[in-house]
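Undergrad: Got a structure for you, questions after.
Any read-out appearing in this document is the output of simple, stated calculations on the displayed coordinates, not a laboratory observation. Please read these numbers as outputs of a predicted model, since none were measured by experiment. Counting neighbours? That spans all protein chains shown, and the Cβs are built from the backbone with ideal geometry, glycine included.
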Amino acid sequence: MARLRYPNESAEYRVARERLLQEELALREQVERVARQRRALPPGGSLRQDYVFTERAGGKDRAVRFSDLFENGKDTLFVYSFMYSPQMQEPCPMCSAFLDGLHGHVEHLAQRLNVAVVAKHTLDAIHDHAASRGWNRFRLLSSLDNSYNTDYFGETGDGQTTMANVFVRRGDGIRHFWGTEMSFSEPIEGGDMRHLDQAWAMWNVLDMTPDGRGAQFYPALCYETD
């Protein structure tokens, strides 16, 4: 392995950095082991029902079935349940921050899979918030009139929660593949469940800095500008 040396670094720094590098390499291997295990999952349960959502296309609202979310040639679907309902005064800032980042990757992801964002709110409310964030690439769906959020854990008896699910279309129909079940686990000490961290650049960049994530940092819906 090539040995890097930054200008004016101390021997103490280099020893500690080399030790950290070994941990980073071990983490990389662990991430790949988990990914292989995820890919090797046996078939999940068949889709509970062909849910009917509403979406807005060309300025008009229309009904769309879950099965219609799969485009020709793409048999994988990533669905994010966005915490926003008529009972909430404003959308979830954490969900909004996550979707801000995901939005920048949608065109790339679309080369391999389908992506949809679901909220149990009216299309007017969903699209007003999307417009305020510049989300013009997401397939935005309202689940007000179906049980998708409840069935696939975007909602519990305690209300809205955040959940991402992956579905696959095979010869025997549509099946659930994987979901962010860590969102229902115990949080780590001094943090939360971190169930979406691998898909969330913001937290990963903060982890590379001296102050880390910070005990009190929480994304906001908007920030003051001069």
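Undergrad: Charges only on Cβ, +1 for Lys and Arg, -1 for Asp and Glu: so what's the dipole of the range 1-76 about the Cα centre, in debye to the nearest 20?
TA: On the way: 16 positive and 13 negative charges, 13 e Å.
Approximately 60 debye in magnitude.
Undergrad: Let me spell out the model: positive unit charges on the Cβ of Lys and Arg, negative unit charges on the Cβ of Asp and Glu, origin at the Cα centre of the chain. What dipole size does that give, in debye rounded to 20? Write out the running numbers ahead of the final one.
TA: On the way: 26 positive and 32 negative charges, 207 e Å.
Using only the charged Cβ atoms, the result is roughly 1000 debye.
Undergrad: Can you tell me how much longer the chain between GLU90 and MET193 gets when fully stretched, taken as 0.36 nm per residue apart minus their C-alpha distance, in nm with one decimal? Could the numbers behind the result be given before it?
TA: Working: separation 103, 0.36 × 103 = 37.08 nm, distance 2.23 nm.
Full extension of this stretch gives 34.8 nm more.
Undergrad: Assuming R0 = 22 Å, can you tell me the calculated FRET efficiency for the pair GLU23 and THR209, based on Cβ-Cβ distance, to the nearest 0.05?
TA: Values: r = 17 Å, r/R0 = 0.77.
According to the calculation, E is roughly 0.80.
Undergrad: Which order do THR161, THR150 fall in if you start with the one that has the fewest other Cβ atoms within 10 Å?
TA: Values: THR161 16, THR150 13.
Fewest-to-most ranking of THR161, THR150: THR150, THR161.
Undergrad: Starting with the fewest neighbours, write out LYS74, LYS120, LYS60 ranked by other beta-carbon atoms found within 10 Å of each beta-carbon. Walk me through the intermediate numbers first.
TA: Details: LYS74 15, LYS120 25, LYS60 7.
Result, fewest neighbours first: LYS60, LYS74, LYS120.
Undergrad: If you average the C-alpha positions of the range 202-226 and of the range 1-36 separately, how far apart do those two centres end up, in angstrom?
TA: 24
Undergrad: Can I ask one more? Would you compute, from DSSP H runs of 4+ residues alone, the mean residue ellipticity of the chain at 222 nm, taking -39500 (n - 2.57) per run and dividing by the full residue count, rounded to the nearest 500?
TA: It lands at -8500 deg cm²/dmol.
Undergrad: I need the calculated FRET efficiency for the pair ASN136 and ALA40, taking r as the beta carbon distance and R₀ as 41 Å, to the nearest 0.05.
TA: On the way: r = 36 Å, r/R0 = 0.89.
Computed FRET efficiency for ASN136 and ALA40: 0.65.
Undergrad: At a 10 Å Cβ-Cβ cut-off, how would you order CYS92, CYS222, fewest neighbours first? Provide the component values of the computation, followed by the final result.
TA: On the way: CYS92 20, CYS222 9.
With the fewest neighbours first, CYS92, CYS222 line up as CYS222, CYS92.
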